[in-house]
Amino acid sequence: MERNEAFAIASRIGWLSGIPAGDRNDILSRTELLHFKADEAIYNTGDEPGGLFGSVTGSIKIWLLTPNGEHGFVHIGGPGMWVGEAASVTGRSRRLTISAASDCNVLRLPRARLLGLAEEKPGIWRHIAQLASMNMLLAIDVIDALRREDPVQRVAATLLNLTVHSPPGVIAISVTQSDLGAIARLSRSTVNRALTELNRRGWVRLSYATVEVVDMGSLSVFVRGK
């Protein structure tokens with residue numbers, strides 16, 4: 001993949017698509033394009049802050065270190081998802097582990113370049129605050145999904161969370177039932193039954209390692225009442 005292709009995708013989907021073109025181009029011009037193979041770590045819990053990372057192609061997994069020292073799988077994000085703003089702003093070590101769910105291309109904005117740009121253009125901090133707010137709201141939605149006792153609602157809420165950066169229309173989520181179960185903290189058999197029910201209602205369509213959301217409106221009303 002060429003940098004101009006990556007820039008076009010990042011400009012069209014997710015965080016950067018919502019900021020003025022001038023500031024967006026200033027940010028993109030300071031990024032570097034990296035490639036990661038499936039299951040390769042992008043950064044680990046405890047790493048020094050290394051900047052922002054934005055998914056361009058493929059998917060990335062987010063892991064949270066649990067009290068027993070294991071990594072809990074909490075989210076999977078596709079193109080348009082940017083992470084790493086907390087460590088980049090505070091200078092503290094990483095609290096999450098990010099890995100490649102599949103072969104993927106990722107843009108990295110090194111922390112030093114981010115801070116240098118913000119020194120030149122203080123308005124950049126407004127965009128970083130927007131990114132932090134977007135990721136905070138996603139974290140709230142992840143917690144909300146896990147608090148739901150009904151498995152069908154929990155799976156539906158988890159699917160909505162996985163579509164957060166997707167364009168309108170029929171949305172194909174590349175996720176196995178095992179991974180969906182890990183994120184939702186449900187057994188694979190429970191996830192299978194919940195997906196079958198959502199499919200029966202006509203809100204999703206199932207295929208191998210993919211869930212298509214075909215009626216986002218009904219799914220959203222079912223989960224959030226709107």
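How about K61: which lysines have a C-alpha closer than 27 Å to its C-alpha, ignoring those fewer than 8 places off in the same chain?
K37
With +1 on the Cβ of every Lys and Arg and -1 on the Cβ of every Asp and Glu, and nothing else charged, how large is the dipole of the chain about its Cα centre, in debye rounded to the nearest 20?
That gives a dipole near 440 debye.
Compute the length gained on full extension between N25 and A118: take 0.36 nm times their separation in residues and subtract their Cα-Cα distance, giving the result in nm to one decimal.
Net length gain for the segment: 32.1 nm.
Arranged by the count of other C-beta atoms within 10 angstrom, fewest first, what order do K121, K226 take? Could you put the intermediate results ahead of the total?
Values: K121 14, K226 6.
Ordered by Cβ neighbours within 10 Å, fewest first: K226, K121.
For H75, what residues show an amide H to amide H distance below 5 Å, using hydrogens built from the backbone and excluding near sequence neighbours?
Result for H75 returns I62.
Label points 7 Å out from Cα along the Cβ direction at L64 and T45: separation in nm?
It works out to 1.0 nm between the two label points.
Give, in nm to one decimal, the length gained when the segment between M1 and H71 is fully stretched (0.36 nm per residue of separation minus the Cα-Cα distance).
22.1 nm
Quick check on packing: order 40-48, 78-86 by the mean number of other C-beta atoms within 10 Å, highest mean leading. Intermediate values should be presented prior to the final figure.
Working: 40-48: 14.8, 78-86: 22.9.
Top to bottom by mean Cβ count within 10 Å: 78-86, 40-48.
So if I take the centroid of the Cα atoms in segment 134-177 and the same for segment 1-41, what is the distance between those two points in Å?
If we compute the Cα centre of each part, the gap is 24 Å.
What is the log10 of I(q)/I(0) for the chain, computed with the Debye formula using one identical point scatterer on each Cα and no solvent, at q = 0.09, 0.15, 0.17, 0.18 Å⁻¹?
-0.37, -1.01, -1.25, -1.37
Taking 0.36 nm per residue of separation and subtracting the Cα-Cα distance, what length does fully extending Q153 through Q130 add? Could the numbers behind the result be given before it?
On the way: separation 23, 0.36 × 23 = 8.28 nm, distance 2.85 nm.
Here the segment from Q153 to Q130 would lengthen by 5.4 nm.
For every helix of n ≥ 4 consecutive DSSP H residues, a contribution of -39,500 (n - 2.57) applies; sum these over the chain, divide by its total residues, and give [θ] at 222 nm rounded to the nearest 500 deg cm²/dmol.
Mean residue ellipticity at 222 nm (helix-derived): -13500 deg cm²/dmol.
Starting at the first residue of segment 34-41, write each ³J(HN,Hα) from the Karplus equation 6.51 cos²θ - 1.76 cosθ + 1.60 with θ = phi - 60°, in whole Hz, x for Gly and Pro.
In residue order, the calculated couplings are 10, 10, 10, 7, 3, 6, 6, 6 Hz.
Laboratory data are not the source of any read-out in this text; all were calculated from the coordinates shown. Since this is a predicted model, take the numbers as computed values, not measurements. Cβ: placed from backbone, ideal geometry, glycine included. Neighbour counts: every protein chain shown.
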